[in-house]
Amino acid sequence: MIKGSYSETDDLELVRAVLGGDRSAFSAIVSRYRKMVARTVKGMLNDTVYAEDVGQEVFIKLYYSLSEFRGESKLSTYIQRIAVNLTLNEIKRRKRFSSMFSQKGNDEMHELEVPDYDTESSKEAKEIVQKALQAMDPKFRIIVVMRMLQGYSTKETAEILELPLGTVLSRLSRGQEQLKDILEKL
Amino acid sequence: MKSSGIKKIIINSTDADYDTGEDSNILETNGVTYDFSETFEAELLEAIYLKGKTSSRESEFSISMNRLFYKIMLTGAAAIVILLISIFLMEGSLSFNSFLGLGNSYDESTICLLTGN
């Protein structure tokens, strides 16, 4: 729920208010975008404790970099880029750590899954989505998360990921092949 | 929604020309929702305004360093055992001279080696 007095305020006004020292304005930004960030971070990392940490880092980084936000792109795009970068960094970090300290490989983070499903059907839907996503290569997974969970077009996806459109299109096509194989087994 | 419908939505998202805007809403109404814990915002604001950056990464780093230390220690111990076994096999004993590689040499040959006479 967005904080009362700021529910109608546009993003740029909120940013100015935060820079002016208004704490409740930043709280309003967090309320407005936490679900969007959660879709990216938890879609990529699954429901792990690391996902909560990365979510915190996204907003901490946003807070400290708000003075650099010029308003040339949407605030949502700006936050999304931070979320994507930090999430991909976390995946690389975990991969590096698990290869250094564990024999179990990259699946170490899955041990800390905290399922939070309401009904049987929603459990099934979320389970299928998460299993499919987690089985994908991260570079394809991020594009599917942007498209499927965030509802972005391929052009918007390319803009957020700061990739050429052609790269996004080729990854979509390769990701589709990978997904078909994965979904057959689910 | 049936699993086949969910799978179709997942596959559709990889179709470059497909408009996924509606599908993300369908997924959400079918329970594919994401949010952080209830304490997320309070912890975040505390981290920013009271504590500075969170220190959870530091504790994780120290755990990793502990594991690294044990790995190095075990590797070192294994190397020492292998070294002792190889010395025993080559020299036939584990005496001080064997450690120095002098187990099989006689005093005369050592003097000869050192003085050249």
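The values are calculated or read from the model by the stated rules, or taken from the named source; none is laboratory data. This one's a predicted model, so the numbers in the text were calculated from it and none came from an experiment. Neighbour counts run over all protein chains shown; Cβ positions are idealised from the backbone, glycine included. Side chains are part of the model used for accessible areas, which takes the heavy atoms of the whole protein and leaves out ligands, DNA and RNA. Shrake-Rupley method; radii C 1.70, N 1.55, O 1.52, S 1.80 Å.
Relative contact order for chain B using alpha-carbon pairs under 8 Å, separation at least 6, rounded to a whole percent?
This gives 8 percent for chain B.
Considering only B:31, A:48, B:110, the residue lying farthest towards the positive end of the dipole of the protein assembly as shown is B:110, judged by Cα position with unit charges set on Cβ. Kindly list the residues of the stretch B:2-26 that lie in the label zone of residue A:184, defined by a backbone N under 20 Å from the point 7 Å along the Cα-to-C-beta vector. It comes to B:3-15, nothing else.
Within 10 Å of the Cβ of each residue in B:14-25, the mean number of Cβ atoms contributed by other protein chains is 6.
Residue ranking by accessible heavy-atom surface, 1.4 Å probe, largest first, among A:72, A:57 comes out as A:72, A:57. Taking every residue in A:54-65 and counting other chain Cβ atoms within 10 Å of its Cβ, the average works out to 4.
Report the longest stretch of chain B that contains none of the trypsin sites (Lys or Arg not before Pro) sitting in a DSSP loop with at most 16 other Cβ atoms within 10 Å.
Free of exposed loop sites, the longest segment is B:54-117.
Taking amide H atoms as placed 1.01 Å from N in the peptide plane, the amide H of residue A:22 has no partner under 5 Å among residues 5 or more positions away or on other chains. The fraction of accessible area contributed by carbon and sulfur in the stretch A:7-63 is 46 percent, rounded to a whole number (1.4 Å probe; ligands and nucleic acids excluded).
Roll a 1.4 Å probe over the protein chains and send me the accessible area per residue for the stretch A:117-186 in Å².
It amounts to 48 Å² per residue over the stretch A:117-186.
Among B:93-101, A:12-20, A:154-162, how do they line up from the highest to the lowest mean number of other beta-carbon atoms within 10 Å?
A:154-162, A:12-20, B:93-101
Peptide B:40-50 has a mean of 5 when you count, residue by residue, the C-beta atoms of other protein chains within 10 Å of its C-beta. Working ranking of peptides A:130-137, A:62-69, A:83-90 by packing, defined as the average number of other Cβ atoms within 10 Å per residue, highest first, is A:83-90, A:130-137, A:62-69. Karplus-based coupling profile of the stretch A:161-169, in residue order and whole Hz: 7, 6, 10, x, 4, x, 5, 4, 5, with θ = phi - 60° in 6.51 cos²θ - 1.76 cosθ + 1.60 and x standing for Gly or Pro.
The 3J(HN,Hα) values that the Karplus relation (6.51, -1.76, 1.60; θ = phi - 60°) gives for the stretch A:20-33 are, in residue order, x, x, 7, 5, 5, 5, 5, 4, 5, 5, 4, 4, 5, 10 Hz. Gly and Pro appear as x.
At the nearest 100 Å², what buried accessible area, both sides summed, do you get for B and A when the probe is 1.4 Å?
4700
Go through A:61/A:92; A:139/B:2; A:42/B:71 and tell me which ones have a Cα-Cα distance over 23 Å in this structure. In this structure, A:139/B:2; A:42/B:71 exceed 23 Å between Cα atoms.
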